[in-house]
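Participant: Quick one: this structure, given as structure tokens, is what I'll be asking you about.
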Amino acid sequence: MSLPEGVQRRSFDGRESLATRGPQVSEEPTVDGWRRWDPDRSKVGAMFEDGLEHGLEGGERVLYLGAASGTTVSHIADFAGPTYAVEFAPRPTRDLIEVAADRDRLFPLLKDARKPETYAHVVEPVEVLVQDVATRGQAEVALANRQFLEPDGRLLMAIKARSEDVTADPESVFEGVCETLSSGYEILDRGRLEPYHDDHLGVVATPRQ
Ligand SMILES: C[S@@+](CC[C@H](N)C(=O)[O-])C[C@H]1O[C@@H](n2cnc3c(N)ncnc32)[C@H](O)[C@@H]1O
């Protein structure tokens, strides 16, 4: 699977890694302006490493749900177009705002992704919707935000099994979430995010017409 324009494999201390070019975030490793993108700390990074058919080319408008302190969305904003980052917890949002201060294409929104009507007046139609909220009801959040996605757009979603049910077999959780998701999306590719993230499924989907 090819990488989007603006994402490269670069050498950091002799080890190959994904990298994007942009302002450094805290103490992360950088070489010649390229920032190491650690798949152990990023579900989207793991999707790229695990070869999911993500369909991203670079330059797309992005809505990112569950931005936390901005680890992954900062890399995405390095190679994407306008990137709207939704996070509802105030503490990580403070860090996210700092990360965005250096990036003119990254727009943090302190909002609840289950209430898209609270940011619908700000977010334009996007070509890519990324979801990493890691809470119960992950399919429902993706369905509620489908309205922002262009008809031929891509959903990149990480499903964390334990967020839905700590005791259930992860595979049966993934089946249930994908079945709910299928009411509004056609699933194009899916794959476990091991060895980077245990009991997570990566899903690439497009809105069902
Ligand atoms: C697994 S972390 C995200 C990590 C981040 N995507 C990254 O790779 O850098 C999940 C985040 O989703 C946020 N979250 C959970 N439910 C949310 C909701 N309904 N609306 C907005 N953010 C939510 C949590 O506060 C948490 O920061």
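Read-outs throughout are calculated quantities, based only on the coordinates presented, and are distinct from any laboratory measurement. Quantities reported herein were computed from a predicted structural model and do not represent experimental measurements. Here the Cβ is made from the backbone with ideal geometry for all residues, glycine too, and neighbour counts use every protein chain on show.
Participant: Filter region 69-94 for residues that are surrounded by 20 or more Cβ atoms within 10 Å (Cβ to Cβ) and more than 13 Å from the ligand (Cβ to nearest atom); which is farthest from GLU28 (Cα to Cα)?
Facilitator: Checked region 69-94; the qualifying residue farthest from GLU28 (Cα to Cα) is ALA80.
Participant: Could you give me the residue pairs with C-beta distances under 9 Å whose first residue belongs to region 187-209 and is touching a residue at least 40 places away in the same chain (Cβ under 8 Å), whose second residue is aromatic (Phe, Trp, Tyr) wherever it lies, and which are 6+ apart or on separate chains?
Facilitator: Close Cβ pairs (under 9 Å, with a partner that is aromatic (Phe, Trp, Tyr)) amount to ARG190/PHE174; ARG192/PHE174; LEU201/PHE174; VAL203/PHE174; VAL203/TYR185; ALA205/TYR185; THR206/TYR185; PRO207/TYR185.
Participant: Looking at (1) closer than 23 Å to GLY45 by Cα; (2) small (Gly, Ala, Ser); (3) surrounded by 17 or more Cβ atoms within 10 Å (Cβ to Cβ), which one does GLY191 not meet, given that it meets all the others?
Facilitator: (3)
Participant: Let me ask something else. Tell me which residues, restricted to region 24-48, are of a type in the set (Gly, Ala, Ser) and either closer than 12 Å to HIS75 by Cα or touching a Leu at 6+ places or on another chain (Cβ under 7 Å) (or both). Write out each step before concluding.
Facilitator: Of region 24-48, the ones of a type in the set (Gly, Ala, Ser) are 26, 33, 42, 45-46.
Residues satisfying the conditions are SER42, GLY45, ALA46.
Participant: Something else now. For region 138-162: of the residues being surrounded by 18 or more Cβ atoms within 10 Å (Cβ to Cβ), farther than 22 Å from THR118 by Cβ and not basic (Lys, Arg), which is nearest to the ligand (Cβ to nearest atom)?
Facilitator: ALA158
Participant: Quick one: which residue in GLU186, GLU124, GLU175 is assigned to a loop (DSSP other than H, G, I, E, B), farther than 18 Å from VAL44 by Cα and more than 16 Å from the ligand (Cβ to nearest atom)? I'd like the intermediate steps shown before the answer.
Facilitator: On the way: GLU186 fails: assigned to a loop (DSSP other than H, G, I, E, B); GLU175 fails: assigned to a loop (DSSP other than H, G, I, E, B).
Going through GLU186, GLU124, GLU175 in turn, the sole match is GLU124.
Participant: Inside region 157-192, can you point out the residues that are of a type in the set (S, T, N, Q) and touching a Leu at 6+ places or on another chain (Cβ under 9 Å)?
Facilitator: THR180, SER183
Participant: If I filter region 125-132 for residues that are surrounded by fewer than 23 Cβ atoms within 10 Å (Cβ to Cβ) and not acidic (Asp, Glu), do I get at least one hit?
Facilitator: Yes, region 125-132 has at least one match.
Participant: Pull up region 163-181, narrow it to residues that are of a type in the set (Gly, Ala, Ser) and surrounded by 14 or more Cβ atoms within 10 Å (Cβ to Cβ), then point me to the one that is farthest from the chain's Cα centre (by Cα).
Facilitator: GLY176
Participant: Assuming GLY66 fulfils every condition listed in (1) buried (at least 19 other Cβ atoms within 10 Å of the Cβ); (2) more than 9 Å from the ligand (Cβ to nearest atom); (3) among the small types (Gly, Ala, Ser) apart from one, which condition is it?
Facilitator: Tallying (1) buried (at least 19 other Cβ atoms within 10 Å of the Cβ); (2) more than 9 Å from the ligand (Cβ to nearest atom); (3) among the small types (Gly, Ala, Ser), GLY66 fails exactly one: (2).
Participant: Out of curiosity, is PRO116 closer than 17 Å to ILE76 by Cβ and within 13 Å of the ligand (Cβ to nearest atom)?
Facilitator: Taking the combined requirement at face value, the residue does not satisfy it.
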